[in-house]
Amino acid sequence: MGNSNIVVIGVSTGGPIALKKLFAELPPLDAAIVIVLHIPPGMDYKIAKGLDAVSSMPVALAEDGEYLQKGRVYFAPGGFHLKLDGNSRIVLEEGPRVNFVQPSADVAMKSLLRPLKKGRVIGVVLTGMGRDGAEGIRHIKEIGGFTIAQDEESSAIYGMPKAAFETGAVDFMSAPQKIGKKLVELLNG
């Protein structure tokens, strides 16, 4: 799994709608996808289930110790931080909030390692308040990954994408549907 593709998506306020727009038109990708949505425990299952209903790829809550598989979407459960061990195994941790949130996109993104020759790492920051995901985007760019942020026009709240953009490390900005097309181009091309 070390040479495969990973997409980590960080999102907050307005997230469920943005995610549905992104996933509704997305074919199965040659990648494992991890979604970090700022969400309290208890709501996470409902939102994952709602996304699963529109997604061409199965969406389920991530489980501790689970190995990533391509063509699957892993939803970080509320109340835990999600890290990736060796770019392949999910580790759920309790511990203090980061950027006032748990799960935090920064924690997930900063756990990524530089991919092996064939692997691609892609970081995506969608609508939300605050600046979670900005440091993660910077990290993904530093390890040779590709970075994407939602544009202001399509964001419910242009906080997180703006903070990511201001790092200077964002490669591509657009609305969720176009972000989906870009992912297909990067991964399935």
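The values are calculated or read from the model by the stated rules, or taken from the named source; none is laboratory data. Just so it is clear, the structure is predicted and the values come from calculations on it, not from any experiment. Please note: Cβ atoms are built from the backbone with ideal geometry, for glycine as well, and neighbour counts cover all protein chains shown.
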Requested in this report: Look at region 1-30 and say how many of its residues are crowded, with 22+ Cβ neighbours inside 10 Å and either in a helix (DSSP H, G or I) or among the hydroxyl-bearing types (Ser, Thr, Tyr) (or both).
Outcome: 6
Requested in this report: State all residues of region 38-82 that are part of a strand (DSSP E or B) and more than 25 Å from Asn188 (Cα to Cα); if no residue qualifies, say none.
Outcome: His81, Leu82
Query raised in the report: Got a sec? Which of Glu142, Glu135, Glu153 is more than 21 Å from Ser111 (Cα to Cα), modelled with pLDDT of 95 or more and out of contact with any strand residue (DSSP E or B) (no Cβ under 7 Å at 6 or more places or on another chain)?
Result: Glu153
Query - Residue that is assigned to a helix (DSSP H, G or I), touching a residue at least 24 places away in the same chain (Cβ under 8 Å) and aliphatic (A, V, I, L, M), where the choices are Ile148, Ile137 - result: Ile137
